[in-house]
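One structure below.
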Amino acid sequence: QVQLVESGGGLVQAGGSLRLSCAASRGTFSTYAMGWFRQAPGKEREFLAFISGTMGTTYYADSVKGRFTISKDNAKTTVILQMNSLKPEDTAVYYCAARNGSPRIYESMYDYWGQGTQVTVSS
């Protein structure tokens with residue numbers, strides 16, 4: 001069992017930055033693929049980015065490519081989502097997820113989820 005805890009959400013003005021962290025409870029974290037998703041009110045959960053467990057390969061949704069960066073610190077069992085140039089449409093609850101295997105963009109393929117952290121971007 002892997003427990004994930006997100007932090008770093010908050011209120012920011014458009015054009016600003018936030019850094020989200022996801023702390024994992026398990027020591028074998030380094031072999032897990034990690035993903036970030038978000039869900040805005042009235043919308044389905046949306047894939048944002050993933051990073052593979054061993055090689056650190058990353059992939060981004062078009063909506064955040066060039067603005068968001070995912071990274072992983074295996075020593076600290078933490079995955080980071082650095083978010084720059086934020087827009088009001090980025091307002092959502094942000095979730096991290098873990099998968100014991102290759103990274104995927106589909107939320108149904110992730111095994112573990114955090115509780116989410118709210119990000120609000122004001123115009």
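The values are calculated or read from the model by the stated rules, or taken from the named source; none is laboratory data. Just so we're clear, the structure is a prediction, and the values are computed from it rather than from any experiment. Virtual Cβ from ideal backbone geometry, glycine too; neighbours counted across all protein chains shown. Note: areas computed on protein heavy atoms with side chains; ligands, DNA, RNA excluded. Shrake-Rupley method; radii C 1.70, N 1.55, O 1.52, S 1.80 Å.
For this structure, a couple of remarks:
- Normalised by 2.2 N^0.38 Å, where N counts its residues, the alpha-carbon radius of gyration of the chain equals 0.97.
- At R0 = 22 Å, FRET efficiency that the Cβ-Cβ distance of Ser63 and Ser25 yields, to 0.05: 0.15
- Anchor Lys72: aspartates and glutamates whose Cα lies under 17 Å away (excluding residues fewer than 8 positions away in-chain): Glu6
- In the context of the full set of protein chains, residues of the chain present 50 Å² of accessible surface per residue (probe radius 1.4 Å, heavy atoms only).
- Within the listed set Ser63, Ser71, Ser21, the Gaussian network model of the chain (springs between alpha-carbon atoms below 10 Å) gives the highest mean-square fluctuation for Ser63.
- Two-site FRET efficiency, Thr54 against Val5, from Cβ-Cβ distance with R₀ of 35 Å, rounded to 0.05: 0.90
- Spatial separation of Cα centroids for segment 1-59 and segment 68-108, in angstrom: 2
- Total charge dipole magnitude, the chain, about the Cα centre, Cβ charges on Lys, Arg, Asp, Glu only, Debye to nearest 20: 180
- Theoretical FRET efficiency, 1/(1+(r/R0)^6), r = Cβ-Cβ of Glu44 and Gln118, R0 22 Å, to 0.05: 0.80
- Rounded, prolate or oblate (a/c below 1.5 giving rounded, otherwise prolate when a/b exceeds b/c) for segment 84-123 by Cα gyration tensor: prolate
- Partners for Lys65 among lysines (Cα-Cα distance below 18 Å; same-chain residues under 8 apart left out): Lys87
- Whole-percent carbon and sulfur share, accessible surface of the chain, 1.4 Å: 48
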